[in-house]
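The values are calculated or read from the model by the stated rules, or taken from the named source; none is laboratory data. For clarity, every value in this text was computed on a predicted model and none was experimentally measured. Calculation scope for accessible area: heavy atoms of the full protein, side chains included, ligands and nucleic acids excluded. Shrake-Rupley method; radii C 1.70, N 1.55, O 1.52, S 1.80 Å.
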Amino acid sequence: MAASRLHPATLTLKQFMRRQQVLLLYRRILQAIRQVPNDSDRTYLKDWAREEFKRNKSATEEDTIRMMITQGNMQLKELEKTLALAKS
């Protein structure tokens, strides 16, 4: 009953939590990209990340979103490993 009074754009708790996960992942990816020493590589990676998140912005299927978050975390770990190797 109470749900019928909610604004159509109101997120459920589960949607809100997923949204927070996505935003945290995006911020962490951008933070990692800032550590890339080469300017052109950094720009390329920032544009790539922005486009990937924009392209998937309209995803609503819970399983799909969860899968994309998992893939994003794996790509972030790979980037962090690569940056760590480059520094050593």
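Where is the GNM fluctuation largest for the chain (alpha-carbon springs, 10 angstrom cutoff): Leu11, Leu30, Leu76?
Leu11
What aspartates and glutamates could a cross-link reach from Lys81, if we take a straight Cα to Cα line under 20 Å and drop same-chain neighbours fewer than 8 places away?
Reachable aspartates and glutamates: Asp39, Asp41.
Would you mind getting the accessible area per residue of the chain, heavy atoms of the protein chains only, 1.4 Å probe, in Å²?
So the chain comes to 82 Å² accessible per residue, rounded to a whole number.
Can you list, bin by bin at 5 Å, the percent of alpha carbon pairs in the chain, starting at 0?
Bins of 5 Å from zero give 2, 12, 20, 21, 15, 11, 8, 5, 3, 2, 1, 0 percent of pairs.
Ignoring ligands, DNA and RNA, what percent of the 1.4 Å accessible area of the range 13-53 is carbon and sulfur? Let's see the in-between values first.
On the way: 1670 of 3090 Å².
Here carbon and sulfur together make up 54 percent of the probe-accessible area.
Grab the DSSP H runs of the chain that are 4 residues or longer, score each as -39,500 (n - 2.57), total them, divide by all residues and round the 222 nm result to the nearest 500 deg cm²/dmol.
Details: 3 runs with 64 residues, N = 88.
Using -39500 (n - 2.57) per qualifying helix, the result is -25500 deg cm²/dmol.
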